[in-house]
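The values are calculated or read from the model by the stated rules, or taken from the named source; none is laboratory data. Keep in mind it's a predicted model, so treat the numbers as computed, not measured. All Cβ positions, even for glycine, are placed from backbone atoms using ideal geometry, and neighbour counts span all protein chains on display.
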Amino acid sequence: MIASSSHHISQFACRLAAVSMSLVFCSHSDADVHIARDGVSDIETVTCESAGQVIETVPHSEADVKRILAATPDAPLAGDRVEWTKMTLPSGIYLRAISMASADVGFAAGELGKVIRTTDGGETWQYVLNQGFPYYYYGCKAIDEDRVVISGFQNQTGEGIIRWSDDGGDTWGPVIALPGPTSIKWLAHVEFIDEDNGIVEAAWAGGVHRTTTGGQTAADWTYIEPSGSWFNGTFTFLPDKRVWLAGIDVVYSPDGGVNWSTLPSASPTFDGPIAILESSKGYIGGGTISPSVKGWVYGTTDGGSSWTPQPILNTPFPIRALMSLDDDRGWAAGGNIYTSIGGVWGTEDGGDTWQLELNTGNEMNDMDWVRFDAGHVDVYVAGYISQIWRARLDYPLWLPADINGDGVVDVLDLLELLSAWGPCPDPPQECPADLDGNGVVDVLDLLILLASWS
C-alpha cells in the first residue's frame, strides 16, 4: 500500500509525458500529481489525480522501475489477486506465439523452427517440431486439437511460409511458401475464425494473406497490401469477419480482408498490437527500445475510429501483445530481451486502471485464453526464453438455463423451473425461469433447459 502522506507538485510536471533518466510523469494533461513512497518496499511512485479520482499510478524514476520489476521475479505484483504459474517446457526456446485448442491441448511456436505441445493443460510441454535454422515461426493457430497451422519465414530464401499438422502435431505437412510482396515476404501472426477463414500477417510489408478455403495450399491464399509499411504485434480477427492490424498504419477490414480502410493512428510514434471486441471496445499498444525503452496502450470504444487522446497505460517496456476477455478484463504483455525486462499488465475495469500482474524479466510476445470449466478460464502468455505462464481466473460461463446460478444446468434448475410453472409475477418481481421471456414458465422454457443440460 502506498503511504498516504505525499507532497503535491505542479500541474506543469504532469504535462511532461516522457520517460527519462529522472522522472516518469503522468500522461494526462489535466491531472494533479502526488509523489509517495511505499514504506515497505521504499519504491517511490507518481499518482495522477483528476477531479479527485486516481487515473494513473506510475513509477517515479528509472531506478524505481527496475526495482519494481526486480522485486519479485517469479511472482505476480498485483497483490496476489492474479496468480500466474510458470509452466514446464524445454529450455532455450525463443517463443513467439501460443494457441490453445482446448483446456488440455495447446501449441507454441518459436524461432529456429521449434514447436512445442501440451496435452495436460499447460503443465508440461514437449517438442513436436524442431527444424532448426533457417526456419523461424512467429505465428501459431490451433483450429482444434488435431489441426494446427504455424507461420513464419525461411531465413535463407526470404520466403514467407506456413506449415500444417492434421494430427495434433505428430506429423507435419510440407513447408508452404506463400506468394506475396516483392519486398520482405516474412510472415508473423496467423488467425482463423473457423476451419475455412484465416488471415496471416505479411508484417514486414504491411500486407496480409487471406483464405476462405482452409489455407491448406498456397493457391488457397490471396495477398493484399493495405498498408505498404509494416505491422507489429498481435492483431484482431473477429467471428463476424472484422479485422484490425496496426503498425505504421492502423487498418480495418469489415469483410475478412477483402476490402480495407485506414483508421486514425493512436500514438504519434507508431502503433503495434491491437485487440478489439465485438462491442467495438478495445486497445492498441506499442513501444520503443531506442533511445529509451518504454511502451504504451491507448483505448477505443468505437472500433478504432477514435482513440483516447493520451495513453491509458504507460509501461517501462514495449507492448507486444494485447488480449481482451470482455469489456472489463484485458491484458497487455511485452518486454525487451536486450535489457532483461518484461511482463504482463492487467485491467479489470475496462482500462481505467492497470496492475503489473507478472514480471517475467524478458520479452513476452503472445497471449491466449481457453475455458477450463464452467466457472474458470485459463489465460496464457508466452515469450523469451522458454517462458509460458498460466493464470486460472474465476469467470463463470453465462448459461441462461442456469436458473440458480451455480455454473451448471442440472436437476436443481429443473426443480426451480417446475416450482415456477405458470404465469410470471408482475414486475418488479423477477422471473428467472422464464427462459424465452414470454411472461410464462411453460413447456418452451422446459425445452430450453433440457437442451442446455450440463
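Just so you know, in region 403-429 the residues that are among the acidic types (Asp, Glu) and touching a residue at least 12 places away in the same chain (Cβ under 8 Å) include one that is nearest to residue 370 (Cα to Cα), and it is 410. Screening residue 409 against (1) surrounded by fewer than 22 Cβ atoms within 10 Å (Cβ to Cβ); (2) part of a loop (DSSP other than H, G, I, E, B) leaves a single unmet condition, (1). How many residues are of a type in the set (Gly, Ala, Ser), more than 15 Å from residue 141 (Cα to Cα) and crowded, with 21+ Cβ neighbours inside 10 Å when one looks only at region 151-182? Number satisfying all stated conditions: 2. Give me the residue from region 95-120 that is part of a strand (DSSP E or B) and among the charged types (D, E, K, R) and, out of that set, surrounded by the fewest Cβ atoms within 10 Å (Cβ to Cβ). So the residue we want is 117.
Conditions tested, residue by residue: (1) part of a loop (DSSP other than H, G, I, E, B); (2) touching a strand residue (DSSP E or B) at 6+ places or on another chain (Cβ under 6 Å); (3) outside the structural domain of residue 444 (by TED's automatic domain parsing).
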{"position": "332", "(1), (2), (3)": "no, yes, yes"}
{"position": "342", "(1), (2), (3)": "no, yes, yes"}
{"position": "362", "(1), (2), (3)": "yes, yes, yes"}
{"position": "404", "(1), (2), (3)": "yes, no, yes"}
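When 239, 264, 268 are checked against the criterion of being in the same structural domain as residue 306 (by TED's automatic domain parsing), within 20 Å of the chain's Cα centre (by Cα) and surrounded by fewer than 19 Cβ atoms within 10 Å (Cβ to Cβ), a single residue qualifies: 239.
Could you tell me whether region 345-356 includes any residue that is in contact with a strand residue (DSSP E or B) (Cβ under 9 Å, 6 or more places away or on another chain), closer than 21 Å to residue 106 by Cα and in contact (Cβ under 8 Å) with a residue 60 or more places away in the chain? No, region 345-356 contains no residue that is in contact with a strand residue (DSSP E or B) (Cβ under 9 Å, 6 or more places away or on another chain), closer than 21 Å to residue 106 by Cα and in contact (Cβ under 8 Å) with a residue 60 or more places away in the chain.
Pairs meeting the criteria (first residue in region 431-454 and more than 11 Å from residue 400 (Cα to Cα), second residue among the aromatic types (Phe, Trp, Tyr), beta carbons under 6 Å, at least 6 apart or on different chains) are 441/421.
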